[in-house]
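Here is the structure we will look at, set down as structure tokens.
Values quoted throughout were computed directly from the atomic coordinates according to the rules given, and no laboratory measurement underlies them. Since this is a predicted model, take the numbers as computed values, not measurements. Positions of Cβ are generated from backbone atoms using ideal geometry, with glycine treated the same way; all protein chains shown enter the neighbour counts.
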Amino acid sequence: MVNIQERASSGFCQRPVDISASVGSVRLKNPIMPASGTFGFGVEAARLYDINRLGGAVMKGVTVQPRLGNPLPRVTDCPSGMLNAVGLENPGVDRVLRDALPALADIYDGPIVANICGFTIDEYAELAARFDESDLIAALEINVSCPNVSHGGMTFGTDARAAGDVTRAVKRAAKKPVWVKLSPNVTDVAEIARACEAEGADALTLINTLLGMRIDLRSRRPVLGNTFGGLSGPCVLPIALRMVWQAYEAVKIPIVGMGGISSARDAVEMTLAGASAVQVGTAGLVEPSALVDIADALPDIIAGMGLDSYGALVGAAHG
Amino acid sequence: MRQGLYVIESNERVARDVFRVRLNGPTEAITRAGQFVNLKLDGLYLRRPFSIADWDGEGFVILYKIVGEGTRTLAALSWGQRLDALVGLGNGFDEEGCRAPLLIGGGVGVPPLFALAKRFAKRGVKPTALLGFAASEDVILADELRELGCEVMVTLETEGMRVTDRLEEASAGRDRFYACGPEGMLRAVKRRCILPGQLSLETRMACGVGLCRGCTCLTLTGGKRICAEGPVFDKEALAW
């Protein structure tokens with residue numbers, strides 16, 4: 001195993017680079033986390049790479065009731081990204097708390113983030129309260145941006161008042177840090193970001209996927225079983241950067257930046273736009289080692305910029 | 001699972017729109033017939049999954065039909081080119097306890113059954129193979145299965161025949177079936193074949209390694225990932 005610090009200091013940089021990060025009170029040994037839904041509950045990823053190299057672990061979105069998800073096909077691609085319409089398939093909060101979360105905590109020693117998605121405000125509060133009781137959870141990520149369910153999910157994240165209502169309900173139900181995961185499928189992300197901050201959100205995570213579709217020429221029908229799906233991958237990076245930039249200008253709470261990050265350079269760019277840490281999703285589905293590769297490459301890039309800490313990059317592109 | 005760069009030894013047409021590619025590299029991660037590989041192809045964002053038709057200590061073989069961008073890209077590659085592959089994915093067929101297997105394949109669903117037939121042949125078990133194709137130009141692996149000692153029955157849609165039309169006859173004296181092919185064929189086989197058996201499913205996949213739940217199918221014990229718990233499922237398990 002390559003030691004990140006050693007590798008950086010043996011290169012052209014004289015001082016070791018500090019790549020630790022923090023999202024409010026949540027401390028991360030490095031800023032790289034998997035994006036919810038691309039990491040399962042960690043056990044699968046642990047067979048592919050050392051998940052303890054990750055700064056944090058974000059679990060798949062959890063609902064009150066178990067969900068089977070959408071009909072197949074659920075995934076397709078385009079030249080520089082993919083569409084998914086998984087539809088929040090998950091075993092439900094009871095089984096996650098009983099089985100998946102303890103199993104992840106057994107093999108992962110960093111902060112674990114629970115991603116929760118409700119179909120009513122009461123469900124969000126219920127899920128928040130359930131995970132808040134667990135000592136194994138470091139923070140709650142509130143998914144008000146899933147584009148692949150017919151109600152709930154994104155409906156709460158595309159309206160500032162609804163996003164604020166969910167945030168308020170979750171903050172009342174939980175003491176742990178609350179990160180609200182925002183949708184890019186909105187006219188003004190700044191307005192929604194401010195609404196969440198006003199209701200006590202501890203951080204914002206953005207962006208979730210962009211609504212899209214593809215059509216099969218032979219069948220002349222939509223490729224995805226759900227017709228629409230969420231677009232992610234390298235093609236959304238510029239949009240994600242723009243929205244993280246806008247959110248950073250609008251709020252004071254920290255931002256977890258995501259959307260199309262596929263390299264350490266992308267992660268640095270996202271940080272310059274205003275992210276205090278980043279999540280990597282789609283890249284890890286194509287290249288299993290992507291997250292670890294990004295964490296490995298980060299110190300040299302930061303050193304090459306003449307800096308000695310990741311934290312010095314946060315929001316540095318804003319004049 | 002093993003990730004590596006695999007070198008194309010050959011990539012040639014073997015039937016109408018069907019190609020056979022042999023990729024050389026480590027194969028110790030392939031442990032059962034029915035497993036698959038996920039290939040990274042230039043210009044395509046997601047990897048593309050292909051079932052393994054054959055393997056040895058030096059490499060593996062896949063047969064594929066040109067149906068879209070991915071397979072068209074693969075068909076354009078030639079000797080010496082390298083492909084990034086995730087190899088030895090999925091669970092594979094259960095051979096244990098089967099003494100008289102019936103292999104039921106449709107089109108490019110036949111290749112993983114060839115890998116299975118080879119495993120049986122090594123143990124001295126001679127399968128019966130019931131293969132369905134659209135037309136005679138589409139027939140693949142029938143001769144190779146005969147060379148292994150299989151009794152091979154072929155149905156052609158141009159002759160108005162489907163595998164289900166000869167299912168009863170082919171099942172005689174057999175104790176278990178193994179099927180791979182289009183979903184319509186698999187559903188018909190599941191419904192009509194009296195034998196116990198296993199079916200290999202396919203769908204579009206993203207990661208191929210169990211992370212994204214982009215390939216979940218419905219079973220009687222809940223949603224199962226075709227890439228991880230599958231692609232092979234017991235007939236009784238599928239909620240069809």
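Can you give the percent of C-alpha pairs in the range B:2-89 whose distance is more than 16 Å? Before the final figure, lay out the partial values.
On the way: 1772 of 3828 pairs.
So the pairs more than 16 Å apart make up 46 percent of the total in the range B:2-89.
Find the relative contact order for chain B and round it to a whole percent, using C-alpha pairs within less than 8 Å whose residues are 6+ positions apart. All intermediate terms of the calculation are to be shown ahead of the outcome.
Details: 573 pairs, mean separation 44.4, N = 240.
Result for chain B is 18 percent.
Could you tell me which of rounded, prolate or oblate describes the range B:169-240, using a ≥ b ≥ c as the square roots of the eigenvalues of the alpha-carbon gyration tensor, with rounded for a/c under 1.5 and, failing that, prolate when a/b is larger than b/c and oblate otherwise?
Details: a/c = 2.47, a/b = 2.18, b/c = 1.14.
Prolate is the answer for the range B:169-240, as a/c is 1.5 or above and a/b outweighs b/c.
Taking H placed 1.01 Å from N in the peptide plane, check which residues at least 5 places from A:Lys181 or on another chain put their amide H under 5 Å from its amide H.
It is A:Ile142, A:Asn143, A:Val144, A:Thr205, by chain and number.
Is chain A rounded, prolate or oblate when judged by the Cα gyration tensor, a ≥ b ≥ c being the square roots of its eigenvalues, rounded requiring a/c under 1.5 and prolate requiring a/b larger than b/c? Each step should come with its number before you reach the end.
Values: a/c = 1.38, a/b = 1.28, b/c = 1.08.
Rounded.
So what's the angle, to the nearest 10 degrees on a 0 to 90 scale, between helix B:183-192 and the longest Cα principal axis of chain B?
30
Taking a cut-off of 14 Å between Cα atoms, list the aspartates and glutamates near B:Lys118, but don't count ones fewer than 8 places away on the same chain.
Those aspartates and glutamates meeting the cut-off are B:Asp54, B:Asp56, B:Asp94, B:Glu95, B:Asp143, B:Glu144, B:Glu147, B:Glu151.
Can you spot the lysines whose alpha carbon is less than 19 Å from B:Lys190's alpha carbon? Ignore those fewer than 8 places along the same chain.
B:Lys224, B:Lys235
Amide H to amide H under 5 Å from A:Thr76: which residues, 5+ apart in sequence or cross-chain, H placed 1.01 Å off N in plane?
Answer set, sorted by chain and number: A:Leu83.
Net charge near A:Gly87, counting Lys/Arg +1 and Asp/Glu -1 over other residues with Cβ under 11 Å of its Cβ?
Spelling it out: positives minus negatives among the neighbours equals +2.
First select every other residue whose beta carbon is under 14 angstrom from the beta carbon of B:Asp234; then total the charges, Lys and Arg +1, Asp and Glu -1. Write out the running numbers ahead of the final one.
On the way: positive: B:Arg176, B:Lys190, B:Lys224, B:Lys235; negative: B:Asp94, B:Glu95, B:Glu96, B:Glu229, B:Glu236.
Residues near B:Asp234 contribute -1 overall.
Using only alpha carbon pairs under 8 Å that are at least six residues apart, calculate the relative contact order of the range B:2-89 and give it in whole percent.
On the way: 200 pairs, mean separation 36.8, N = 88.
Relative CO of the range B:2-89 lands at 42 percent.
Per DSSP H run of n ≥ 4, the term is -39500 (n - 2.57); total these for the protein assembly as shown, divide by its residue number, and report the mean residue ellipticity at 222 nm rounded to 500 deg cm²/dmol.
On the way: 15 runs with 138 residues, N = 559.
Mean residue ellipticity, 222 nm, calculated: -7000 deg cm²/dmol.
Tell me which GluC sites (Glu not before Pro) from the range B:95-200 have a DSSP coil assignment and no more than 13 other beta carbons within 10 Å of their own.
Details: sites: B:Glu95, B:Glu96, B:Glu137, B:Glu144, B:Glu147, B:Glu151, B:Glu157, B:Glu159, B:Glu168, B:Glu169, B:Glu183; in loops: B:Glu95, B:Glu96.
Passing both the DSSP loop test and the Cβ count: B:Glu96.
Whose amide H sits under 5 Å from the amide H of B:Tyr6, counting only residues 5 or more places off or on another chain, with H placed in the peptide plane?
The list, which skips near neighbours in sequence, is B:Leu83, B:Asp84, B:Ala85.
Shape of the range A:29-88 from its Cα gyration tensor (a ≥ b ≥ c, root eigenvalues): rounded if a/c is under 1.5, otherwise prolate when a/b > b/c, or oblate? Could the numbers behind the result be given before it?
Numbers: a/c = 2.26, a/b = 1.39, b/c = 1.63.
Oblate, because a/c is 1.5 or more while a/b does not exceed b/c.
Could you tell me how far the Cα centroid of the range B:97-117 sits from the Cα centroid of the range A:105-142, in Å?
46
Summing Lys, Arg as +1 and Asp, Glu as -1, what charge do residues with Cβ under 15 Å from the Cβ of A:Met305 carry, A:Met305 excluded?
On the way: positive: A:Arg15, A:Arg265; negative: A:Asp18, A:Asp266, A:Glu269, A:Asp300, A:Asp308.
Taking every other residue near A:Met305 into account, the sum is -3.
Treating cross-link reach as a plain straight distance, find the lysines whose alpha-carbon is under 17 Å from the alpha-carbon of A:Lys252, omitting any fewer than eight places away in the same chain.
The reachable lysines, counting only those whose Cα sits under 17 Å from A:Lys252, are A:Lys181.
Given points 7 Å out from each Cα along the Cα-Cβ axis, report the A:Thr227 to B:Asp84 separation in nanometres with one decimal.
3.6
Over all distinct alpha-carbon pairs, what is the Kirkwood Rh of the protein assembly as shown in angstrom?
Numbers: mean 1/r = 0.0404 Å⁻¹.
Here the Kirkwood hydrodynamic radius works out to 24.8 Å.
Only Cα pairs within less than 10 Å get springs; with that Gaussian network setup on chain B, which residue of B:Thr221, B:Thr73, B:Thr27 has the largest fluctuation?
B:Thr221
Just to confirm the number: angle between the C-alpha axis of helix B:111-122 and the first principal axis of chain B, 0 to 90 degrees, nearest 10?
70
Between the range A:284-319 and the range B:151-224, how many Å separate their Cα centres?
The two parts, judged by their Cα centres, are 47 Å apart.
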